[in-house]
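Below is one structure, written out as structure tokens, with a few remarks after it.
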């Protein structure tokens with residue numbers, strides 16, 4: 001076991017790992033070392049103690065949130081989560097500027113693929129820390145140029161990453177294609193911030209953007225998807241940004257047919273539903289109300305909304321981005 | 001509460017605590033955290049619903065609507081019974097304080113409306129960060 005604590009800066013959160021087994025530290029290092037964006041504010045601390053235990057945890061029921069590999073309950077002690085393999089995370093305590101969690105992982109699961117489920121539990125602690133630091137986590141992409149900032153919204157596999165890459169190679173700067181933080185800044189102006197500057201790109205992307213190289217040669221970053229992780233600076237140096245004020249909400253959808261891009265305006269209600277649909281909302285009235293308020297205030301700050309439907313192989317046609325740019 | 005029975009006129013009701021609201025345009029959006037359905041209210045609908053953030057009866061809402069310029073018709077009853085059918089109310093606590101009758105709305109009175117979103121948010125999502133539908137591994 002390592003004898004000293006390890007720290008990672010993950011946006012507005014500093015994660016401190018108490019000494020733990022190398023297998024745990026390696027897995028968490030893989031998860032957190034990709035968060036390379038720089039934040040200047042004093043970080044909120046999330047302290048994690050991860051330990052091997054002889055038996056699986058008592059399963060949570062999902063009264064707070066149900067995820068594909070993890071159930072989360074609200075308990076008198078705070079949030080309690082368990083994963084499919086019997087690992088658990090327990091919120092321990094909070095203090096001014098930080099909080100701590102204990103993660104118990106069944107010893108007989110450490111050297112199995114179930115070690116990936118550590119990511120879900122650490123991710124829960126991160127989300128808790130980001131919220132405590134005053135930000136709303138948004139599963140979306142963002143690009144900025146010439147005072148404009150587009151929030152690109154779609155479900156996983158919906159085309160956020162490819163559109164982000166297309167815009168970046170067209171001269172836009174990216175704040176990320178997957179993980180963003182959003183808050184209402186001074187003067188009631190919404191502010192979006194980057195957490196990591198990477199793309200999750202499908203190997204097929206090379207057909208449209210040859211500079212990404214043969215992505216098949218790179219390891220998958222998740223068993224859930226054939227996509228590979230590509231860092232923006234490795235392919236398009238200097239095309240990253242840290243903060244921006246959103247001006248547009250773009251609902252991105254795919255059309256499996258090879259049809260031209262279709263663009264239509266979104267109403268305020270459609271913009272709200274698009275944005276709130278990118279936020280994981282637990283059964284917690286306080287957190288849900290805060291997320292709803294952030295989404296509502298963002299929409300009411302004067303953003304424009306566009307519904308963008310992109311056909312198969314649309315990026316081979318220069319008219320696709322030209323049409324989108326003209327509609328902004 | 002029996003959701004198939006219409007509301008009685010003097011039954012004191014409150015919005016369920018796990019129904020959260022936010023203002024949008026002239027109206028508001030409600031989210032039922034149990035079913036994960038969104039509901040869009042117009043301005044008059046939102047004005048009425050605010051009465052039930054504490055406690056109110058159908059009669060209270062009718063009086064408020066009339067004082068706000070509503071015509072003498074069944075629109076308030078229909079509106080509240082629609083919310084009731086959606087399960088957004090619960091019986092008010094015995095010590096609940098009735099809503100202040102002085103609430104005013106800025107816009108002209110409209111027939112109150114509620115529109116439920118066709119699809120709820122996902123009940124099972126990828127992770128605490130990603131609200132997408134999980135894909136098969």
Check: Would you pick out the residues in segment A:155-171 that are crowded, with 24+ Cβ neighbours inside 10 Å and within 11 Å of another protein chain (Cβ to nearest Cβ)?
Finding: A:160
Next item on the list: Specify the residue that is farthest from residue A:281 (Cα to Cα); the eligible residues are those in segment B:9-24 that are facing another protein chain (nearest Cβ under 7 Å) and surrounded by fewer than 18 Cβ atoms within 10 Å (Cβ to Cβ).
Entry: B:23
Notebook entry, point to check: When you scan segment A:249-283, how many residues do you find that are over 21 Å from residue A:181 (Cα atoms) and within 17 Å of the chain's Cα centre (by Cα)?
Noted result: 0
Checklist line | Complete set of residues in segment A:63-78 that are assigned to a strand (DSSP E or B) and in contact with a helix residue (DSSP H, G or I) (Cβ under 7 Å, 6 or more places away or on another chain) | finding: A:67, A:70, A:72
Next item on the list: Please go through segment A:27-38 and pick out each residue that is free of Cβ contacts under 8 Å to residues at least 40 places away in the same chain and in a loop (DSSP other than H, G, I, E, B).
Entry: A:33
Item checked: Leading residue by the ranking (farthest from the other protein chains (Cβ to nearest Cβ)) among those in segment A:305-328 that are surrounded by 17 or more Cβ atoms within 10 Å (Cβ to Cβ) and under 27 Å from residue A:185 (Cα atoms) -> A:306
Check: In segment B:40-52, what count of residues is obtained for those that are within 12 Å of chain A (Cβ to nearest Cβ) and surrounded by fewer than 24 Cβ atoms within 10 Å (Cβ to Cβ)?
Finding: 2
Checklist line | Residue list for segment A:1-26, filter: surrounded by 20 or more Cβ atoms within 10 Å (Cβ to Cβ), touching a residue at least 40 places away in the same chain (Cβ under 8 Å) and either out of contact with any strand residue (DSSP E or B) (no Cβ under 7 Å at 6 or more places or on another chain) or assigned to a strand (DSSP E or B) (or both) | finding: A:10, A:13, A:15
Check: How do the pairs read when you match residues in segment B:64-80 that are modelled with pLDDT under 90 with residues anywhere that are outside any loop (DSSP other than H, G, I, E, B), using Cβ under 8 Å and keeping only pairs 6 or more apart or on different chains?
Finding: B:72/B:66
Next item on the list: Have a look at A:203, A:265 and point out the one that is away from chain B (no Cβ under 14 Å) and surrounded by 14 or more Cβ atoms within 10 Å (Cβ to Cβ).
Entry: A:203
Notebook entry, point to check: Can you spot a residue in segment A:227-237 that is assigned to a strand (DSSP E or B), out of contact with any helix residue (DSSP H, G or I) (no Cβ under 7 Å at 6 or more places or on another chain) and more than 9 Å from chain B (Cβ to nearest Cβ)?
Noted result: yes
Note to self: With modelled with pLDDT of 95 or more and under 18 Å from residue A:188 (Cβ atoms) as the only criterion, which of A:265, A:282, A:246 stands out?
What the structure shows: A:246
Item checked: Residues (buried (at least 18 other Cβ atoms within 10 Å of the Cβ) and either within 14 Å of chain B (Cβ to nearest Cβ) or part of a helix (DSSP H, G or I) (or both)) located in segment A:132-151 -> A:135, A:136, A:137, A:138, A:139, A:140, A:141
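Kindly indicate whether residue A:116 is at pLDDT below 95 and under 23 Å from residue A:198 (Cα atoms).
yes
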Check: Tell me, which residue of segment A:169-220 that is within 21 Å of residue A:130 (Cβ to Cβ) and assigned to a loop (DSSP other than H, G, I, E, B) is nearest to the chain's Cα centre (by Cα)?
Finding: A:179
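The values are calculated or read from the model by the stated rules, or taken from the named source; none is laboratory data. This is a predicted model, so every value here is computed, not measured. Every residue, glycine among them, receives a Cβ derived from its backbone with ideal geometry; neighbour counts consider all protein chains shown.
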